[in-house]
1. Protein chains only, probe 1.4 Å: how do Asp75, Asp89, Asp161 rank by accessible area, largest first?
2. Using only Cα atoms, locate the centre of segment 150-180 and the centre of segment 524-583, then give the distance between them in Å, rounded to an integer.
3. When the chain is fully extended, how far beyond the present Cα-Cα distance does Ala104 get from Ile319, taking 0.36 nm per residue of separation?
4. Counting Lys and Arg as +1 and Asp and Glu as -1, what is the net charge of the other residues whose Cβ lies under 14 Å from the Cβ of Glu573?
5. Please report the accessible area of Ile257 (heavy atoms, 1.4 Å probe, ligands and nucleic acids excluded) in Å², nearest 10.
6. Only bridges whose two residues both fall in the chain count here: according to DSSP, what percent of them are antiparallel, nearest 5?
7. Note the angle between two axes, namely the Cα long axis of helix 543-554 and the longest principal axis of the Cα atoms of the chain, as a number of degrees from 0 to 90, rounded to the nearest 10.
8. For segment 439-576, give me the percentage of DSSP beta bridges that are antiparallel, rounded to the nearest 5 percent.
Amino acid sequence: MTSSATPPDTLSATPAGMAAPPAPETAPPTAPPTARPAPLLLGLLALFGVIALLLLAPGRMAVSTMEGDVLHLLDGVTRMRMGQWPHVDFATPLGALAYLPVSAWGDLGLGRAMALSHATAAAVCLPALVWIGLSRLRLGMALALGAVVLVTAATLAWSPDSQGATAAMSYNHWGWALVMQGMALMLLDRAGATAGGATGRGATGRGATAARTGALIDGLMIGALGAVLVFLKATFAVGLAGIWLVWVLTGAERRAIAASVLAGLGLAAAFAAAFGGVEVAQAYIGDLLRVAEAGEARPMSQKPALITFVTPSGLTVMIGALIGALALARGGRGRAAIRFFAACIAAHLLAWQNFGYDPTAMTALALILLAQSGGLIPGALAFGRPAATVALCAGLVIFGVRAPGLLNSARSFFHLFAAPPEQVAVLADFAPDVIWQRAESDFSGRFKLLPEDDEPLNLGGITQPTCTVLTGGPGLIAEAAAAILETPALRGRSVLSLDLVNPLWMLTGAPPQAGAWNWVYGPSPAQIAGAELLALPRCPYAPPITRMMAEEAATSGRAMRVALRTPNWTIFEPGPVGSAPVPAPAQEAEGPEGATD
């Protein structure tokens with residue numbers, strides 16, 4: 001006897017001492033019951049409507065954490081609104097789609113634009129969610145997966161355990177949401193799919209036509225997801241490609257494979273053409289290679305990849321995933337078991353490449369395992385228990401571990417409605433609808449002094465303390481911008497910040513520095529050599545990056561004349577190249593320990 005929900009799997013194994021599954025059949029399986037269109041559409045639209053309302057009703061964006069990352073985002077967004085393109089006009093490892101959803105709504109205000117970008121990302125997820133529900137899942141499970149994907153795409157919590165709200169690293173949330181949908185398309189069997197993985201030309205009848213159409217839609221969606229990820233954040237595309245390869249090698253439908261390749265290449269080519277053509281595509285690859293060689297300037301990927309597997313929650317989840325995969329295999333679903341466990345590994349490796357080390361996709365993979373547990377061979381045993389029960393329990397354990405983070409992600413929407421006194425529109429002239437955390441101190445920010453044996457930084461005869469800003473950075477940037485605008489000799493001149501982020505130019509009305517990083521991953525000698533003004537912060541976001549850039553300035557051959565000093569900044573007006581002797585370069589500084597991904 002075989003399950004009516006799913007096809008028997010020729011990759012299944014018969015463990016010793018356990019009930020052997022029946023021989024695989026060659027007849028196509030009966031279609032599992034799936035969600036009906038009307039309830040599914042209404043349910044998904046209701047979920048999306050609630051999320052969109054929570055995002056847009058306050059009419060602003062609140063940034064209570066990861067402010068440097070938000071400044072980096074606004075730098076790229078503002079440049080794109082000026083007509084500049086990533087990789088050609090400024091350096092970044094992110095694709096244009098990381099900034100475009102915000103810049104497209106920028107006329108409504110940058111705070112509203114950030115909120116709208118999250119709602120837009122959630123809306124983009126709806127078509128694939130509808131198809132997954134119609135072709136693979138019952139209504140309840142389809143809505144559960146839809147809730148996970150939509151909350152992930154729209155959340156204002158940068159990590160599952162972060163407090164407050166922020167638009168930081170929104171591209172990571174969008175990437176995870178798209179990867180979740182790709183996993184569902186490749187791991188869950190489609191109703192009417194043929195058992196052998198081929199929707200052959202010789203097949204006839206209405207069922208065969210539906211199977212071919214379904215395979216075509218699957219492939220088109222998988223390819224489109226991959227192309228979007230390439231121009232959003234390439235590491236997510238690499239992760240999805242790994243899952244795609246396992247999907248292909250384990251007998252995916254040939255029509256779906258072909259459609260995914262053609263759709264992926266075609267849409268990627270269309271994006272490349274729309275974003276500037278071959279020149280931009282080549283520059284994008286160049287930026288990615290520069291970041292890959294950044295070494296200590298990108299600390300997250302410098303730690304062992306196993307770090308995402310051996311945390312208490314990560315280890316619990318992976319043990320649950322292994323048990324779930326074994327239960328699938330022993331329940332006659334060997335192919336599904338391989339795909340599921342490969343996707344779990346891919347989720348953790350993707351987390352290794354992102355700040356926070358959180359395998360966000362495991363929440364969706366838990367639901368995928370729960371959905372698959374109902375299609376196992378009746379009577380099959382795993383660990384002495386019914387395989388379906390074991391798979392169900394493993395899925396519930398994984399989801400139970402992941403659920404608090406999902407709830408925290410949903411809770412972040414409500415922070416937009418709060419108006420605590422410590423949050424104000426610090427950059428009122430630039431972004432009046434963005435409220436930032438104001439840290440009260442003698443220096444209009446909150447700082448951390450670094451160890452005394454860390455030598456103070458010296459540039460142009462100015463010695464800076466060794467410290468870093470924790471919160472209140474936008475207030476410090478506003479202070480420097482106001483001082484520059486009040487100095488006629490400096491007004492309107494391009495300024496480059498010697499720090500991890502470079503937002504100062506946005507507030508002074510000056511043109512941005514051509515080719516500069518909006519989040520510094522490596523050396524910037526050409527930008528320092530061409531800068532009209534250099535701004536040295538008293539306590540930067542990333543002291544190692546500031547030290548590296550200050551050493552580049554000191555060895556640039558340009559005399560460093562102090563043009564302006566404030567309590568928290570020194571603004572230099574460098575002389576022409578050759579106006580100062582070039583000392584021997586100092587030893588390369590280590591990179592920052594902050595969020596870089």
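1. Asp161, Asp89, Asp75
2. Result: 36 Å between the Cα centres.
3. In short, 73.1 nm is gained.
4. Combined, the nearby Lys, Arg, Asp and Glu give +4.
5. For Ile257, the solvent-accessible surface is approximately 30 Å².
6. Here the share of antiparallel DSSP bridges comes out near 75 percent.
7. Between helix and principal axis, roughly 50 degrees.
8. 85 percent
The values are calculated or read from the model by the stated rules, or taken from the named source; none is laboratory data. Predicted, not measured: the structure shown is a model, and the values here were computed from it. Note that each Cβ is placed from the backbone with ideal geometry, even for glycine, and that neighbours are counted across all protein chains shown. Heads up: the accessible areas ignore ligands, DNA and RNA and are worked out on the full protein's heavy atoms, side chains in. Shrake-Rupley method; radii C 1.70, N 1.55, O 1.52, S 1.80 Å.
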